[in-house]
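Enquirer: This structure is in structure tokens; I'll ask about it shortly.
The values are calculated or read from the model by the stated rules, or taken from the named source; none is laboratory data. Just so it is clear, the model here is predicted, and its values are computed rather than measured. For neighbour counting, all protein chains shown are included, and Cβ atoms are generated from backbone atoms with ideal geometry for every residue, glycine included. Calculation scope for accessible area: heavy atoms of the full protein, side chains included, ligands and nucleic acids excluded. Shrake-Rupley method; radii C 1.70, N 1.55, O 1.52, S 1.80 Å.
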Amino acid sequence: LLSTISLTIASYNPQPTLWPIEFIITFQSNITVTIDQPVVPVNGISYYDWTLKAQRIEHDPGAYECTNFYATNQSCTEYFLPDGLYRVLQAPTEGQEECCLDMPGIGALPPDWASSTNPTYNGVTTELYSGLDAKKWTFDNFPNTTNPHMYFEVDSGPYMGFPLLFTFPAVDGRQDFYYDPASMKVGPVDDSLFELPEGCEGKLCSTSLRRGNIVP
């Protein structure tokens, strides 16, 4: 009996829940981005539509994505589209292009992105920022395994399986998306939300202003 129980426990390896084909969810970032600064949450919202192979992520002013990758204190929006990652900056853009293709070939994640990358299941834990019980996975096969990517989803209740936290290495700490499961709306998303500003499609960002060249 004991050997059966041990085998059952060892073989229990749940995988992250697949994302819905279309949904909207809000989040906060800048919670764990540095280890020596006070927490100053910044709001954001994500729109996802796998039927279009598209995701749009809006970051409010002060978000790590905007300040470190795009050298702006204003808000910024990222469009993950079939031809790559576009970024749109709010004026004033301080000499940068308002909209351009920053990273060709970097598109939206598929609904099974978390399970298909074979993460290690770490069990159920209490996610401290939300106070909710969550299943946790670590992506040991990603680069930087000493400071790994981690994903949490709600363990039980009305939001079971909803995204709760995705956290990953940053230049000077950890970057994070603390999702609000209560805000998640599953269902059709307006196609117009994934339309780029006029004249932007296919326009490459200047080499010196691309994401990889701005990170300190």
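Enquirer: Sort out which residues of segment 146-159 are at pLDDT 95 or above and in a loop (DSSP other than H, G, I, E, B), and write them in order of number.
Expert: Asp155, Ser156, Gly157, Pro158, Tyr159 - these are the residues of segment 146-159 that are at pLDDT 95 or above and in a loop (DSSP other than H, G, I, E, B).
Enquirer: Name the single residue, out of those in segment 48-61 being free of Cβ contacts under 8 Å to residues at least 40 places away in the same chain and open to solvent by 30 Å² or more (accessible area, probe 1.4 Å), that is farthest from Ser192 (Cα to Cα).
Expert: Let us first name the residues in segment 48-61 that are free of Cβ contacts under 8 Å to residues at least 40 places away in the same chain, namely 51, 57-61.
From the residues that got through so far, the ones that are open to solvent by 30 Å² or more (accessible area, probe 1.4 Å) too are 51, 58, 60-61.
Numbers: Thr51: 13, Glu58: 15, Asp60: 20, Pro61: 23 Å.
Once the filter is applied, the top-ranked residue is Pro61.
Enquirer: Inspect all residues belonging to segment 162-178 and state whether any of them is touching a Leu at 6+ places or on another chain (Cβ under 9 Å), open to solvent by 50 Å² or more (accessible area, probe 1.4 Å) and under 20 Å from Leu18 (Cβ atoms). Steps first, please.
Expert: If we filter segment 162-178 for residues that are touching a Leu at 6+ places or on another chain (Cβ under 9 Å), which is where we start, we get 164, 176-178.
Add one more test, that the residue is open to solvent by 50 Å² or more (accessible area, probe 1.4 Å), and what stays is none.
Scanning segment 162-178 turns up no residue that is touching a Leu at 6+ places or on another chain (Cβ under 9 Å), open to solvent by 50 Å² or more (accessible area, probe 1.4 Å) and under 20 Å from Leu18 (Cβ atoms).
Enquirer: Report, ordered by the first and then the second residue, all pairs with beta carbons closer than 9 Å, sequence separation of six or more or different chains, a first member in segment 26-47 that is under 17 Å from Pro169 (Cα atoms) and at pLDDT 90 or above, and a second member that is of a type in the set (Phe, Trp, Tyr) and in a loop (DSSP other than H, G, I, E, B).
Expert: Taking only residues 6 or more apart or on different chains, the pairs are Gln28/Tyr129.
Enquirer: Ok, one more. Looking at (1) touching a Cys at 6+ places or on another chain (Cβ under 9 Å); (2) free of Cβ contacts under 8 Å to residues at least 40 places away in the same chain, which is the only condition Gln96 fails?
Expert: Every condition holds for Gln96 apart from (2).
Enquirer: What tally of residues in segment 62-111 results from selecting those that are part of a loop (DSSP other than H, G, I, E, B), open to solvent by less than 60 Å² (accessible area, probe 1.4 Å) and among the acidic types (Asp, Glu)?
Expert: 1
Enquirer: Only one of (1) in contact with a Ser or Thr (Cβ under 7 Å, 6 or more places away or on another chain); (2) over 23 Å from Gly105 (Cα atoms); (3) open to solvent by less than 60 Å² (accessible area, probe 1.4 Å); (4) not hydroxyl-bearing (Ser, Thr, Tyr) is not met by Ile45, so which one is it?
Expert: The single condition Ile45 does not satisfy is (2).
Enquirer: Only one of Thr125, Thr51 is β-branched (Val, Ile, Thr), within 24 Å of Ala182 (Cα to Cα) and in a strand (DSSP E or B); which? Working first, answer last.
Expert: Numbers: Thr51 fails: in a strand (DSSP E or B).
None of the other options fit; the residue is Thr125.
Enquirer: For segment 112-122, give me the residue count where each residue is open to solvent by less than 70 Å² (accessible area, probe 1.4 Å) and assigned to a helix (DSSP H, G or I). I'd like the intermediate steps shown before the answer.
Expert: Within segment 112-122, the first condition is being open to solvent by less than 70 Å² (accessible area, probe 1.4 Å), and the residues that meet it are 112-115, 117, 119-121.
Adding the requirement that they be assigned to a helix (DSSP H, G or I) leaves 113-115.
Summing the residues that are open to solvent by less than 70 Å² (accessible area, probe 1.4 Å) and assigned to a helix (DSSP H, G or I) in segment 112-122 gives 3.
Enquirer: Give the residue that is surrounded by the most Cβ atoms within 10 Å (Cβ to Cβ), with candidates limited to residues of segment 131-161 that are farther than 27 Å from Asn68 by Cα and of a type in the set (A, V, I, L, M).
Expert: Val154
Enquirer: Right, next: Would you check if Leu209 is out of contact with any helix residue (DSSP H, G or I) (no Cβ under 9 Å at 6 or more places or on another chain), of a type outside the set (S, T, N, Q), at pLDDT below 95 and under 26 Å from Gly95 (Cβ atoms)?
Expert: Working: out of contact with any helix residue (DSSP H, G or I) (no Cβ under 9 Å at 6 or more places or on another chain): yes; of a type outside the set (S, T, N, Q): yes; at pLDDT below 95: yes; under 26 Å from Gly95 (Cβ atoms): yes.
Against the criterion (out of contact with any helix residue (DSSP H, G or I) (no Cβ under 9 Å at 6 or more places or on another chain), of a type outside the set (S, T, N, Q), at pLDDT below 95 and under 26 Å from Gly95 (Cβ atoms)), Leu209 qualifies.
Enquirer: Separate question: Return the pair list, or none, for Cβ contacts closer than 6 Å from residues in segment 160-187 that are in a helix (DSSP H, G or I) to residues that are buried (at least 20 other Cβ atoms within 10 Å of the Cβ), at least 6 apart or on different chains.
Expert: Pairs found: Pro181/Val154; Pro181/Phe162; Ser183/Ile25.
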